[in-house]
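First up is the structure itself, then whatever we jot down about it.
The values are calculated or read from the model by the stated rules, or taken from the named source; none is laboratory data. Given the structure is predicted, the values throughout are model-derived calculations rather than measurements. No Cβ is skipped: glycine too gets one built from the backbone with ideal geometry, and neighbour counts run over all protein chains shown.
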Amino acid sequence: MPAAPISVATLAAMKTRGERITCLTCYDASFARLLDAAGLDVLLVGDSLGMVLQGHSTTVPVTVDQMVYHTACVARGRTHALLIADLPFLACATPEWALTHAARLMQEGGAQVVKLEGGASVVETVRRLTEQGVPVCAHLGLLPQSVNRIGGYRFQGRDPDSAQRIRQDALALQEAGASLLVLECVPAALAEAISRALTIPVIGIGAGAGCDGQVLVLHDMLGLNSRPPRFSRDFLKGQGAVSEALAAYVAAVRAGSFPGTEETPY
């Protein structure tokens, strides 16, 4: 019998059993089929497409229409993995906007979960979405949509005050109903402590090996970025095909060998 499709309940059960969750970004049907076949648990249609596909220097220019389009492309290629889509810049500036745009991502795009960036300022939005039956993935730490405010892509939570804010925000988002949390570019010890404190799964990127799962940008882990982030690894290097690189990534995350010390800056 084929395995049942992944759901948010599946990921929660994986956390309980101590099984690591595998996730990669995805933007089209062809890669969706490859990632699905490789056994990825989660496909994230990230607004990172603005940088890796469109050539922008940030994710800010990405529109809701573009996110709906790419989410629909990925939805047509996947059969097993859970499909998460980003709410892009200012798409959740108010709870009402978030509801409207989440509806489009789910009804037109086929997303099963929507992801939004932010802490205390989006707690009420998360609560409103979940009350209406929308599964939410929260996102703390480095917030790419806020890059113009914070002045660059910098690690977050490295001082006691900011680390405490991230902890408090994580608990508040869970209480508001978030089903998942992405932690980006925070110290490994902080990420591990938050992962242990929360009952929902925590997926890390640049946050060490102590999270419940890992996510990378697809183009980074295939070595297609000429300036990859320090926390990434080229899984295509030494492999004969993309499918082998994807299998190597899944195996490394499952075994806990990725990220290693060389991919954990803090």
Filter result for H80 (closer than 20 Å to G50 by Cβ and not hydrophobic (A, V, I, L, M, F, W, C)): no
Being in a loop (DSSP other than H, G, I, E, B) and touching a strand residue (DSSP E or B) at 6+ places or on another chain (Cβ under 8 Å) is the filter here, so list the residues in the stretch 209-222 that pass it. G210, C211, D212, V217
Which of the residues spanning the stretch 44-70 are among the hydroxyl-bearing types (S, T, Y) and under 28 Å from G152 (Cβ atoms)? S48, S57, T58, T59, T63
Could you check, for the stretch 68-82, whether at least one of its residues is at pLDDT 95 or above, of a type in the set (G, A, S) and under 16 Å from L183 (Cα atoms)? no
Verdict on A85 being farther than 18 Å from V182 by Cα, among the small types (G, A, S) and either surrounded by fewer than 20 Cβ atoms within 10 Å (Cβ to Cβ) or under 18 Å from the mean Cα position of the chain (by Cα) (or both): no
I need the helices (runs of 4 or more DSSP H) fully contained in the stretch 1-80, keeping only those with at least 1 residues that are surrounded by fewer than 16 Cβ atoms within 10 Å (Cβ to Cβ). 8-17, 29-37, 64-77
Filter the stretch 239-256 down to the residues that are surrounded by fewer than 18 Cβ atoms within 10 Å (Cβ to Cβ) and at pLDDT 95 or above and list them by number. Q239, A241, V242, S243, E244, A247, A251, R254, A255, G256
Hey, among Q164, Q107, which residue is over 18 Å from the mean Cα position of the chain (by Cα) and under 19 Å from T63 (Cβ atoms)? Q107
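Here's the yes/no breakdown for (1) within 22 Å of C26 (Cα to Cα); (2) of a type in the set (S, T, Y):
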{"residue": "S179", "(1), (2)": "yes, yes"}
{"residue": "C185", "(1), (2)": "yes, no"}
{"residue": "A191", "(1), (2)": "no, no"}
{"residue": "I194", "(1), (2)": "no, no"}
{"residue": "G206", "(1), (2)": "yes, no"}
{"residue": "C211", "(1), (2)": "yes, no"}
{"residue": "L216", "(1), (2)": "yes, no"}
{"residue": "R233", "(1), (2)": "yes, no"}
Look at S232 and say whether it is under 23 Å from A32 (Cβ atoms) and either assigned to a helix (DSSP H, G or I) or out of contact with any Ser or Thr (no Cβ under 9 Å at 6 or more places or on another chain) (or both). yes
Show the residue pairs that are 6+ apart or on different chains and have beta-carbon atoms under 7 Å apart, the first residue being within the stretch 72-99 and without any contact (Cβ under 8 Å) to a residue 40 or more places away in the chain, the second being surrounded by fewer than 17 Cβ atoms within 10 Å (Cβ to Cβ) and part of a helix (DSSP H, G or I). A91/W97; P95/E124
